[in-house]
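**Q** This is the structure I want to talk about, given as structure tokens.
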Amino acid sequence: MASLVKDLSEFLERVSDAALVQVTSAKGSTPREAGTWMLVARDAIFGTIGGGQLEYMAIDKARELLALDGEAVMLDVPLGPEIGQCCGGRVGLSVSRMDATMREELQAQLAREDAALPHIYVFGGGHVGRALAAALSLLPVKTIVVETRAEEIKGLPKTIETRLTPMPEEAVRDAPAGSAFLVLTHDHALDFLIVAEALKRTDAAYVGMIGSKTKKATFRSWYLRTAGGTEAAFSQLVSPIGGDSVKDKRPAVIAALAAAEVMTALSLSPAADAIPGTRDSYPVTASKR
């Protein structure tokens, strides 16, 4: 994922004045959760509170505040026929002009969230690995592609970290708690070695291996008889990644299914609060004018 800290800094450098729109409460069915925010300038927008008529209303109110040098306002918006949005919930919004203190607080909040992003390790930069890196580059995670072959880490998205190493299993040992591991190298024996190492991590959010039911059964036999593994640890392995309900094996399809699977696992893990957008917190406190 591109650094939101960098993107925000660039946005604030381009605009001289902006209003902060924050979702202060979200009841029932709503486009986004409490804590979501966006910035609105006279001719630019950064972020989103979920789109639709609610967002259009917020943008209009923010630009009205900027044009008239108005006071901060609080809105209580029912998402029904009155505004042409049929979610059925109710959203509280605050709209306030950004000042220097608010800018600093927002940038500091984003920096903390950026540092706390969950780590996803993709072992293997082949066709599926590349597709998976591309899919994950759009998500609020830190993705690291680990490879033993130098040519396979060229041309990956710029926001993806790459590690070239003859011992990829070391990346498993060094990973922070709550990390996810997807193993799809060019070598089944190497896959087995990395997965066995990942299954030692009782704090992993997800351990997945590409392959068939036969490959999983072969790994199980080796893991239990030779690698000293246990049935309890083996039960944590997801294989094939992305499930087997969709029969399409094109790399982009496998990547999309696996990315959704991993994000679900991360949202259920004890470290889920590290994922931006999963907690009810607010980035900044509006200054009183």
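**Q** Starting from the range 31-46, keep only residues that are not assigned by TED's automatic domain parsing to the domain that holds S9, then list their pairs with residues that are modelled with pLDDT of 95 or more and in a loop (DSSP other than H, G, I, E, B) whose Cβ atoms are within a distance under 9 Å, requiring at least 6 positions of separation or different chains.
**A** none
**Q** In this structure, is L156 modelled with pLDDT under 95, of a type outside the set (V, I, T), assigned by TED's automatic domain parsing to the domain that holds G208 and surrounded by 18 or more Cβ atoms within 10 Å (Cβ to Cβ)?
**A** yes
**Q** Across the range 234-276, which residue is modelled with the highest pLDDT among those that are small (G, A, S) and exposed (fewer than 11 other Cβ atoms within 10 Å of the Cβ)?
**A** S235
**Q** Further, regarding this structure: How many residues are exposed (fewer than 14 other Cβ atoms within 10 Å of the Cβ) and part of a loop (DSSP other than H, G, I, E, B) when one looks only at the range 166-176?
**A** Residues meeting the conditions: 3.
**Q** Further question on the same structure: Quick one: would you say A217 is assigned by TED's automatic domain parsing to the domain that holds K249 and touching a helix residue (DSSP H, G or I) at 6+ places or on another chain (Cβ under 9 Å)?
**A** Spelling it out, it is not the case that A217 is assigned by TED's automatic domain parsing to the domain that holds K249 and touching a helix residue (DSSP H, G or I) at 6+ places or on another chain (Cβ under 9 Å).
**Q** Which residues, counting only those in the range 182-203, are among the hydrophobic types (A, V, I, L, M, F, W, C), touching a residue at least 24 places away in the same chain (Cβ under 8 Å) and either surrounded by fewer than 21 Cβ atoms within 10 Å (Cβ to Cβ) or outside the structural domain of V146 (by TED's automatic domain parsing) (or both)?
**A** Hits for the range 182-203 are L190, F192, L193.
**Q** Now for a different question. Run I83 past the list (1) at pLDDT below 90; (2) in contact with a strand residue (DSSP E or B) (Cβ under 6 Å, 6 or more places away or on another chain) and report the number of the one that doesn't hold.
**A** Among (1) at pLDDT below 90; (2) in contact with a strand residue (DSSP E or B) (Cβ under 6 Å, 6 or more places away or on another chain), I83 violates only (2).
**Q** Could I ask something else about it? Being crowded, with 19+ Cβ neighbours inside 10 Å, outside any helix (DSSP H, G or I), touching a Leu at 6+ places or on another chain (Cβ under 8 Å) and not β-branched (V, I, T), is that true of even one residue in the range 52-61?
**A** No, the range 52-61 contains no residue that is crowded, with 19+ Cβ neighbours inside 10 Å, outside any helix (DSSP H, G or I), touching a Leu at 6+ places or on another chain (Cβ under 8 Å) and not β-branched (V, I, T).
**Q** Let me ask another. Residues in the range 1-48 that are more than 19 Å from E105 (Cα to Cα) and either surrounded by 14 or more Cβ atoms within 10 Å (Cβ to Cβ) or not polar (S, T, N, Q) (or both): how many?
**A** Number satisfying all stated conditions: 13.
**Q** Right, something else. Can you tell me which residue among T214, T218, T226 is surrounded by 12 or more Cβ atoms within 10 Å (Cβ to Cβ), polar (S, T, N, Q) and farther than 20 Å from L266 by Cα?
**A** Result of the check over T214, T218, T226: T218.
**Q** Could you check, for the range 148-158, whether at least one of its residues is over 24 Å from T264 (Cβ atoms), in contact with a helix residue (DSSP H, G or I) (Cβ under 9 Å, 6 or more places away or on another chain), of a type in the set (D, E, K, R) and assigned to a strand (DSSP E or B)?
**A** No, every residue in the range 148-158 fails to be over 24 Å from T264 (Cβ atoms), in contact with a helix residue (DSSP H, G or I) (Cβ under 9 Å, 6 or more places away or on another chain), of a type in the set (D, E, K, R) and assigned to a strand (DSSP E or B).
**Q** Sort through R130, R163 and tell me the only one that's under 26 Å from D7 (Cβ atoms), in the same structural domain as G229 (by TED's automatic domain parsing) and part of a strand (DSSP E or B).
**A** Being under 26 Å from D7 (Cβ atoms), in the same structural domain as G229 (by TED's automatic domain parsing) and part of a strand (DSSP E or B) holds for just one of R130, R163, which is R163.
The values are calculated or read from the model by the stated rules, or taken from the named source; none is laboratory data. Since the structure is predicted, the reported quantities are computational estimates derived from the model, not experimental observations. Here Cβ is always computed from backbone atoms with ideal geometry, including for glycine, and neighbour counts include all displayed protein chains.
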